[in-house]
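Coordinate-derived values only; no laboratory data. All figures in this text were calculated on a predicted structure; none of them were measured in a lab. Here Cβ is always computed from backbone atoms with ideal geometry, including for glycine, and neighbour counts include all displayed protein chains.
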Amino acid sequence: MKYDVIIAGGGASGMTAAITAARRGCSVLVLERMDRPGKKILATGNGRCNLTNSYLDQDCYRGEKPGFPYSMLEVFGAAETLDFFQSMGMLTTDLGGYYYPASMQASTVVDTLTGKMRQLGVHIKTGTEVKKIQKIKDTFHVTCGTEKYQGRNVILAAGGMAQEKLGSNGSGYALAKAVGHTVTDVFPALVALESEEKFFQHLAGVRNVSALSVYVNGQKTAEQTGEVQFAKYGISGIPVFQVSRYAIDALRKKKKVEVILNLMPEQFTLKELMDYFRKVGYYKTAEEFLQGFLNKKLAFTVLSRLKIRPEKSAADLTQKELRQIRSMIQKFPVPVSGYKGFDMAQVTAGGVSVREVIEGTLESKIHRGLYFAGELLDVDGTCGGYNLQWAFTSGYIAGNQIEAENQ
Ligand SMILES: Cc1cc2nc3c(=O)[nH]c(=O)nc-3n(C[C@H](O)[C@H](O)[C@H](O)COP(=O)(O)OP(=O)(O)OC[C@H]3O[C@@H](n4cnc5c(N)ncnc54)[C@H](O)[C@@H]3O)c2cc1C
């Protein structure tokens, strides 16, 4: 049998492409290397699956051509995604612009997509890793071990390299390269940053709402505010994930990266607060005085970085020391030496170069009938539903290009 389309990868983008093409009357084969489709979706949003977001601006996506996804998001964006799921009998919940399945269970998203594929007669082969794609005349020959399949079109939707245990192992890049496509530098994104500073040993476990700025060679390149999580190795948490791409990109180019944390971003009158607290707390030690407004471990670290004895009397702190404390609280420097790997990352930065892919159809500029979808492409979104949204958008766009042969 020659399928109208063979889809390599049964993740969010591959399943969306399969449903879209099958709804157009196409014969569809999905090849998935894991024992079931959509394994990664199950892990998203802490098991709740943050599938899209109503907010969108030019900073939501990154890549060699950060503007690439936007014309396609206009065709199939958040509203269309919600309609798509509703058309399959799944309701969503809006939590301040962040959308989840109404069940608040990622498994509902997987069940909805797999159920629809089955109802539409999509052939799904699990435990089947695509090893080779070859185009001979007008036919794609897809090899998976000893099995071979033929298709008039192929959609490569094999994902990136983040968290191999959930399916995507980078084999999509090799498949793309083998048919002549360029793959840009790939590296983990939405991931924690490492620092060699000794004080992190003491700070492990602390969570603190902070404003965070990334400086590359002394130049501010990104900023975010949110709950920063301190760990033995460095810093983590959503605001760190959001800026990690900029820090990692710079580290890979051997540039100096420093994160500056404002540990009390809401406090615009810190001087007045400290003057008052020192007056009413004249009998306290310096450490106790700082604990009045700062996490205990952070208070200790601020003092020890300034070489001020924690047991020193608050009343004896000099004006210079008070200035230094204020500055350390509002500009807490973290030299960044590294970053966590793909096993901890939520997404892959880089991928199949979008310069070789037609914007608006996602067809290869090299081979007619070959399409790309999802994280495999050099498009990565910020936290908040943007990566799944890109998977749904690109899956829909690619699937919607496929014509059924017998129509
Ligand atoms: C822990 C975690 C939490 C996340 N949370 C969110 C979130 O809440 N919101 C959000 O928007 N994004 C989130 N993401 C990111 C999001 O899950 C991915 O960007 C998205 O799933 C990518 O979809 P995809 O279809 O491109 O790739 P994948 O979902 O990775 O699917 C690719 C599929 O292809 C299969 N495959 C790979 N190679 C082959 C091959 N050679 N042959 C056959 N099959 C192959 C894989 O097994 C996999 O099933 C999260 C990611 C992680 C890791």
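General remarks:
- Relative to the dominant Cα principal axis of the chain, helix 106-119 is inclined by about 10°.
- Simple spin-label estimate for PHE277 and GLN219 in nanometres, 7 Å along Cα-Cβ: 3.7
- Pairs of lysine residues in the stretch 34-168 that meet both criteria, 8 or more places apart or on different chains and Cα atoms under 16 Å apart, total 8.
- Along the axis of the charge dipole computed for the chain (Cβ charges of +1 for Lys and Arg, -1 for Asp and Glu, origin at the Cα centre), the listed residues ALA391, GLY369, TYR276 are led at the positive end by TYR276.
- Among 371-384, 350-363, 331-344, sorting by the average number of other beta carbon atoms lying within 10 angstrom of each residue, highest first, gives 371-384, 350-363, 331-344.
- Computed [θ] at 222 nm, helices only, for the chain once each DSSP H run of length n ≥ 4 contributes -39500 (n - 2.57): -9000 deg cm²/dmol
- About its Cα centre, the stretch 80-163 has a charge dipole of approximately 620 debye under the convention of +1 per Lys or Arg Cβ and -1 per Asp or Glu Cβ, with nothing else charged.
- Taken about its Cα centre, the chain carries a charge dipole of roughly 1060 debye when the Cβ of each Lys and Arg holds +1 and the Cβ of each Asp and Glu holds -1.
- Springs between Cα atoms under 10 Å define the GNM used for the chain, and in it the highest mean-square fluctuation of GLY218, GLY11, GLY159 occurs at GLY218.
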